[in-house]
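Below is one structure, written out as structure tokens; the observations come after it.
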Ligand SMILES: NC(=O)c1ccc[n+]([C@@H]2O[C@H](COP(=O)([O-])OP(=O)(O)OC[C@H]3O[C@@H](n4cnc5c(N)ncnc54)[C@H](OP(=O)(O)O)[C@@H]3O)[C@@H](O)[C@H]2O)c1
């Protein structure tokens, strides 16, 4: 793990130079605070795929990033490459999340969180589904997001405001055969996100949902299919799926809007994908 680069508390990122409440027409496109290098963002699930691409993107924009996941070696390589701070974290572990929050508070606070750690296990019918697999998906995608969000909300308030950005999925918006375990947890994560936005409206904290369609990341489908590389590769056959950088771009864009703008939901799919299971493939 690398040490944090700064210990000085930062002012909140959420204060536009011109108050949108009184004069929205004159609000800046990007407030100085929003584009400031001082923003400190926690990205979970940062050791691969969308999370790692997000760390790279936010660092390229000059933001300070805490990159969290379980595999410390991968995080340390990413930290070395980007200048992010690596923090080993299992989001299913209460004590580990508490430790992270204490660390963040002691080292400068936090301006935004990207709750990205998550994933799918299996593609079984409801009748054949593995109960432990569903339990794990719920722990990771739903309770992991809940734990981290509960932990960091006070930090965002202490910073004067901030962002909670949750990476759900197009699986949070519809059903598909074999997908009930994953669509179920992503729907739950989506409800957590929407409900939180309703509950804290009026506070200077934005709540953002990004819902990607098929993204060809190195591990998502491999994990889903228990290491079966052929089955994982077949998910992306015959069309151009999204790549992790496409989603990182969407994450950065929503986080960098002026402070009065809340992108509630962004659905991002490959052009060739009209629905979870409606993909235009060629040559397959
Ligand atoms: N790929 C897609 O098609 C797609 C589409 C829509 C939505 N999504 C969502 O986007 C997010 C990222 O997906 P991805 O494609 O980038 O997947 P990925 O490459 O498999 O990355 C998943 C990340 O989550 C981390 N993680 C897993 N369990 C964890 C735990 N208990 N505590 C902390 N971190 C944990 C993994 O790192 P460690 O193993 O090192 O902990 C890894 O960094 C997920 O929420 C996924 O559901 C993906």
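Derivation of every value follows stated rules applied to the coordinates shown; laboratory data play no part. In this text, all values refer to a predicted model and were calculated from it rather than measured experimentally. Glycine gets a Cβ as well: all are built from the backbone with ideal geometry, and neighbour counts include every protein chain shown.
Here the stretch 149-163 and the stretch 229-284 have alpha carbon centers that stand 28 Å from each other. The label-point distance for residue 203 and residue 158, in a model that sets each label 7 Å from Cα toward Cβ, rounds to 1.4 nm. For the stretch 35-279, the share of DSSP beta bridges that are antiparallel, to the nearest 5, is 5%.
According to the calculation over all Cα-Cα pairs in the chain, the P(r) per 5 Å bin from zero is 1, 6, 12, 17, 19, 17, 12, 8, 5, 2, 1, 0 %. Report, to the nearest 10°, how far helix 72-82 tilts away from the longest principal axis of the Cα atoms in the chain, using its own Cα long axis and a range of 0 to 90°. Relative to the chain, helix 72-82 is tipped by roughly 60 degrees. Across the stretch 61-188, Cα pairs under 8 Å and at least six residues apart give a relative contact order of 25 percent. Summary value for the chain: 21 percent relative contact order, contacts being C-alpha pairs under 8 angstrom separated by 6+ residues.
Relative to the longest principal axis of the C-alpha atoms of the chain, give the angle of the C-alpha long axis of helix 49-60, reported between 0 and 90° and rounded to the nearest 10°. On a 0 to 90 degree scale, this one is about 30. Quick one: angle between helix 180-200 and the longest Cα principal axis of the chain, in degrees between 0 and 90, rounded to 10, please. Roughly 20 degrees, rounded to the nearest 10. Place a point 7 Å from Cα of residue 98 in the direction of its Cβ. Which residues in the stretch 139-153 have their backbone N less than 15 Å from it? Within reach of a label on residue 98: 147-148, 150-152.
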